Amino acid sequence: MIAWWERRTLRFRLAVWYAVGGTLLLTSFTATIYLFVYERMGRPLAYELSRDLEEVRRRVEVLPDHSFRWNGRPVDTHAPWTTEYPWFEFWDEQGKLVGRLWPFAESRVTQPPSAPFRGRETVAIYNVAPDLRLRVYSVPYQVPGRNDVWMIRLMRIHEPTGDALGALRLIIVVALPIVVALLVVGGYVITRRWLKPLDQMVTEANHISAADLSRRLPVGNPHDELGRLASVFNVTLDRLQASFDALDRFVADASHELRTPLTTLRSVGEVGLRRSRTVEEYREIIGSMLEEAQRLQRLIQRLLELAGAEGGAAEVHRSEIRLDEFVAACVGELGILAEARRQQILVQSEPCAVTTDSVLFRQALQNLIDNAIKYSPDRSVIRVRVRNRPDAVEVSVTDEGAGITPENRAHLMERFFRPDRGRGRTSGGFGLGLSITKAYMRVIGGTLEYEPAEPRGSTFRLTLPKG
Ligand code: ADP
């Protein structure tokens, strides 16, 4: 049974739960109403009237002069009676009204009940006024302490509660099945409509594969659970696609870039082995092979960094940093490289703080300072400036190097872009530093821009939005 239930569609199960739950709720709700109405007003009026009779017998006292006492106190039969006590009247042996105690003023009653049949117990309904119907219960009454047998009549408002209850019962019996049927049909139709996007998502998801990651799930209503699920799934697919693309590029870049150093390595080895050589010559050959191997290692390291940043593998741990102090520390770390070339790094800072990933940001900034040191002449000045703008913070690195020619600017941040290949190679550059910097900045929500410096040189600017 459980297995059968689990195999049903969500739509079917929802509709069944909806119907069963709705039926139970409605049934208990109507049963409660019925019981409540019955308790309050459903008890037979005759029963109430006979209780009234007992109460009157207990409390009333008829004096010899035909006046009454109620609970031991004299009663004025002309004044309206309270609604709290039973309403009643006495008729003597001659069929004359002795006294009537009810809460209606004379003026309201147009047609008081006529004298009862003597000696008989009767129940009747009287219209005493157009808007007033009374149920009247007449019983012979043996006046205590006398021989007289009077008639006593108890009265209550005639309310057709029995009819009302019957009608209520009919409504429940007829309406409940209709309501339940509507619930079932409505439940099925509604769940079918609401869950339709799920069917579409299943169909679309079936077409997504590693070979075709460009498809996305349809987002019907972005505000409901299914829409949100589809959006989250699509974001995951975006990331997955970015990782796959980065991996593809890594494989392509690696096989392209590794070919030359590997060929160099191989030919140096082959040439070295072509004839026997002195120990000195071997040392030199092995040295240059090791150099090439080291270069290869560095290249692979850089490629991995770039693939990580572009594929979204770089983890982001944000924390608040004092940017002015942070930049001063970064510059301090690279100071030794500048000193070797007798360059001077000047830092100009406005105090400011920003929340970002300090590791990725440091890497980005160090790449720029490293480039400035590499690509500007000895004894030149490098200026690092921290600016606190209302909506963002900026760190710019300006050098006095050759700058970037206008035709090269467009390609500056492309992977493996090196305008001066020969020099880049000796200084160890692969043309990946700016791509990595740009990818890191994108990961932490910032930007990298270039602009030529005056009168010569370059300015690279990192911008991080606040908040
Ligand atoms: P790498 O420095 O490893 O070659 P980058 O991506 O950092 O790679 O730089 C790419 C190219 O852009 C460099 O080879 C260089 O020609 C040029 N470049 C980068 N920074 C500067 C700079 N500050 N001044 C002049 N040219 C630069």
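Observations on the model:
- Residues within the stretch 217-245 that are over 15 Å from P197 (Cα atoms) and surrounded by 14 or more Cβ atoms within 10 Å (Cβ to Cβ), tallied: 7
- Selection within the stretch 407-427 - more than 7 Å from the ligand (Cβ to nearest atom) and at pLDDT below 85: R415, F416, R421, G422, R423, R425, T426, S427
- Count of the stretch 450-467 residues, restricted to those that are part of a strand (DSSP E or B), surrounded by fewer than 19 Cβ atoms within 10 Å (Cβ to Cβ) and more than 13 Å from the ligand (Cβ to nearest atom), is 2.
- So E257, is it among the acidic types (D, E), modelled with pLDDT of 85 or more and in a helix (DSSP H, G or I): no
- Subset of the stretch 98-138 [out of contact with any Lys or Arg (no Cβ under 8 Å at 6 or more places or on another chain), surrounded by 14 or more Cβ atoms within 10 Å (Cβ to Cβ) and of a type in the set (V, I, T)]: V98, V109, V128
- Only one of E310, E339, E325, E350 that is charged (D, E, K, R) and closer than 29 Å to R239 by Cβ: E310
- Some residue of the stretch 261-271 being over 29 Å from L304 (Cβ atoms), over 34 Å from the mean Cα position of the chain (by Cα), at pLDDT 90 or above and aliphatic (A, V, I, L, M): no
- Qualifying residue in the stretch 315-323 (condition: closer than 30 Å to T263 by Cβ and within 32 Å of the chain's Cα centre (by Cα)): no
- A Cβ distance below 9 Å, combined with a sequence gap of six or more or placement on separate chains, defines the contacts here; from the stretch 302-317, residues that are under 13 Å from F244 (Cα atoms) reach residues that are assigned to a loop (DSSP other than H, G, I, E, B) and open to solvent by 20 Å² or more (accessible area, probe 1.4 Å) in the pairs A307/A313; G308/A314.
- Restricting the stretch 140-172 to residues that are at pLDDT 85 or above and of a type in the set (V, I, T) leaves a set whose member that is farthest from F90 (Cα to Cα) is I157.
- Looking across the stretch 359-391, the residues that are within 41 Å of the chain's Cα centre (by Cα), among the hydrophobic types (A, V, I, L, M, F, W, C) and open to solvent by 10 Å² or more (accessible area, probe 1.4 Å) come down to V359, L360.
- Residue within the stretch 183-203 that is among the small types (G, A, S), part of a loop (DSSP other than H, G, I, E, B) and at negative phi present: no
- Scanning the stretch 358-398 for residues that are polar (S, T, N, Q) and more than 15 Å from the ligand (Cβ to nearest atom) gives S358, N388.
- Unmet requirement for R192, which otherwise passes all of (1) within 30 Å of A115 (Cβ to Cβ); (2) open to solvent by 60 Å² or more (accessible area, probe 1.4 Å): (1)
The values are calculated or read from the model by the stated rules, or taken from the named source; none is laboratory data. Every value quoted in this text rests on a predicted model; they were computed, and no experiment measured them. Every residue, glycine as well, gets a Cβ built from its backbone with ideal geometry; the counts of neighbours run over all protein chains shown. Just so you know, the surface numbers come from the protein's heavy atoms only, side chains and all, with ligands and any DNA or RNA stripped out. Shrake-Rupley method; radii C 1.70, N 1.55, O 1.52, S 1.80 Å.
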